[in-house]
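For reference, the structure is listed below as structure tokens.
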Amino acid sequence: MPGFVDAHVHLVFGNGDDHGSTRSVVENAGLDTLGEVAARHAIECLRGGVTTVRDCGDKGFVTLWLRDEVAAGRRPGPRILAAGPPITTPGGHLYWCGGAVASAAEIAVAVQRRRARGVDLIKIMASGGNMTSGSDPLTPQFTDDELRAVVGAAHAAGCQVAAHAHSTEAIRAATAAGVDTIEHCSWRAPDGTLKVAHGSVVEIVERGIHVVLTMAGIQRGLLSDGADHTDALQLVARKNSDTGNLRDDFSWARDMLAAGARLVLASDAGVRLTPFDLFRLTIRCGMEALDLTASQAIGLATLGAAEALGVETAVGSVELGKVADLVALAGVIDDSTTHLGPIRQVWQGGCLVVQDGELII
């Protein structure tokens with residue numbers, strides 16, 4: 001099958017057992033150390049069958065360095081699309097990555113600076129997030145005008161915009177501003193309950209905005225057979241679940257898919273409890289949460305993801321003229337398949353790079 005395309009990772013994050021330990025890696029390490037952290041995680045991505053990643057937030061633009069090292073053949077790793085430090089508010093979600101702005105003028109400078117550094121996309125934190133204490137995932141961080149200014153400046157420079165958005169109001173504003181992808185899209189009201197804005201769903205479909213569902217560790221911990229996670233992970237997963245059931249938690253996503261929304265499966269690897277080499281579990285989460293066959297879920301993590309990133313002419317499917325990024329899994333995949341793997345081989349650009357989980361280059 002095509003190499004997996006993980007549309008949402010954080011290569012410099014620590015993948016700890018909790019938010020604090022995951023964040024401390026970024027806050028306390030120098031840029032040289034973070035570069036090596038990212039390089040190690042890039043290898044883990046390859047071992048997990050991921051041949052293209054979109055890094056949705058780093059510190060000090062270190063993933064741009066790694067992107068260029070990989071492209072030049074000096075380091076092993078997947079093809080990397082990098083955002084650099086995400087644009088956020090002072091004290092807002094991921095402010096400790098160094099991308100906080102406090103005015104419309106600073107927003108314009110932030111976009112210009114990132115384009116000058118050569119980023120592949122602009123990442124903006126339209127709402128707060130759970131990983132940053134003091135930020136509120138249930139409320140927006142930017143005004144409608146500020147989001148439109150970011151999108152306008154980025155699009156004028158030929159650059160996509162990815163919007164982190166948990167709150168319903170932030171999703172509405174990001175959609176109206178014309179972002180290219182909405183990350184997480186959790187539809188949370190100010191009281192924390194699920195509140196889908198159906199008018200925004202219609203607009204998402206009409207605008208062709210991709211919705212990136214991040215099936216991270218706390219979603220993997222809800223997989224019904226429980227074979228691939230620990231008791232501790234299950235406890236954290238249930239604590240963060242609305243229903244205690246993965247399929248029920250994502251009924252809203254199945255409705256969006258039925259309405260014609262362009263959904264993508266991604267991992268958010270690097271956040272707590274989410275290693276980089278188990279992307280196949282993200283695909284399994286998509287199968288269970290969205291009532292998909294294995295081939296349908298793989299499609300959302302290969303060609304669907306490549307289309308969201310704008311790289312579908314090169315990767316995402318096995319076609320004449322595309323890059324020969326391939327993954328070979330043990331076993332047969334058909335409509336009755338419930339598990340994927342193990343991964344036997346990973347090919348990158350026509351070269352075998354992983355055999356039975358081991359890097360061979």
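The values are calculated or read from the model by the stated rules, or taken from the named source; none is laboratory data. Computed from a prediction, not measured in an experiment: that's the story for all the values here. Methodologically, a virtual Cβ is constructed for each residue, glycine included, from the backbone with ideal geometry; neighbour enumeration extends over all protein chains shown. With ligands, DNA and RNA removed, areas are computed over all heavy atoms of the protein, side chains included. Shrake-Rupley method; radii C 1.70, N 1.55, O 1.52, S 1.80 Å.
Across region 96-105, which residue is surrounded by the fewest Cβ atoms within 10 Å (Cβ to Cβ) among those that are more than 20 Å from Ala29 (Cα to Cα) and modelled with pLDDT of 95 or more?
That would be Ala102.
Quick grid of which residues meet (1) touching a residue at least 60 places away in the same chain (Cβ under 8 Å); (2) farther than 19 Å from Val119 by Cβ; (3) of a type in the set (S, T, N, Q):
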| residue | (1), (2), (3) |
| --- | --- |
| Arg54 | yes, no, no |
| Asp58 | no, no, no |
| Thr63 | no, no, yes |
| Asp68 | no, no, no |
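Only helices (runs of 4 or more DSSP H) wholly contained in region 1-95 count here; list those with 1 or more residues that are open to solvent by 10 Å² or more (accessible area, probe 1.4 Å) and among the polar types (S, T, N, Q).
Fully inside region 1-95 and qualifying: 19-28, 31-47.
Identify, please: which residue in region 335-361 is in a loop (DSSP other than H, G, I, E, B) and either open to solvent by less than 70 Å² (accessible area, probe 1.4 Å) or among the basic types (Lys, Arg) (or both) and is, among those, farthest from Gly3 (Cα to Cα)?
Checking each candidate, the answer is Thr337.
Among (1) touching a strand residue (DSSP E or B) at 6+ places or on another chain (Cβ under 7 Å); (2) open to solvent by less than 20 Å² (accessible area, probe 1.4 Å), there is one condition Ile298 misses while meeting the rest; what is its number?
Among (1) touching a strand residue (DSSP E or B) at 6+ places or on another chain (Cβ under 7 Å); (2) open to solvent by less than 20 Å² (accessible area, probe 1.4 Å), the lone unmet condition for Ile298 is (1).
So Arg280 ticks every box in (1) at positive phi; (2) of a type outside the set (A, V, I, L, M, F, W, C); (3) buried (at least 19 other Cβ atoms within 10 Å of the Cβ) but one. Which box is left unticked?
(1)
Which residue out of Gly128, Gly158 is free of Cβ contacts under 8 Å to residues at least 40 places away in the same chain, open to solvent by less than 20 Å² (accessible area, probe 1.4 Å) and small (Gly, Ala, Ser)?
Answer to the selection: Gly128.
Report yes if some residue within region 74-81 is within 21 Å of Ala163 (Cα to Cα) and not aromatic (Phe, Trp, Tyr); otherwise report no.
For region 74-81, residues within 21 Å of Ala163 (Cα to Cα) and not aromatic (Phe, Trp, Tyr): present.
Residues being touching a residue at least 60 places away in the same chain (Cβ under 8 Å) and closer than 21 Å to Asp248 by Cα: count how many of those fall in region 165-183.
Qualifying residue count, region 165-183: 1.
Any residue in region 33-48 that is closer than 18 Å to Gln345 by Cβ sitting within a Cβ distance under 6 Å of a residue that is of a type in the set (Asp, Glu) and open to solvent by 10 Å² or more (accessible area, probe 1.4 Å)? List the pairs, counting only those 6 or more apart or interchain.
Every condition considered, the pairs that remain are Glu44/Asp277; Arg47/Asp277; Gly48/Asp277.
Can you tell me which residues in region 57-106 are over 26 Å from Asn130 (Cβ atoms), small (Gly, Ala, Ser) and in contact with a helix residue (DSSP H, G or I) (Cβ under 8 Å, 6 or more places away or on another chain)?
Matches in region 57-106: Gly77, Ala104.
Taking the condition of being touching a residue at least 24 places away in the same chain (Cβ under 8 Å), part of a helix (DSSP H, G or I) and closer than 19 Å to Pro137 by Cβ, how many residues in region 230-245 meet it?
Residues that pass the stated criteria total 1.
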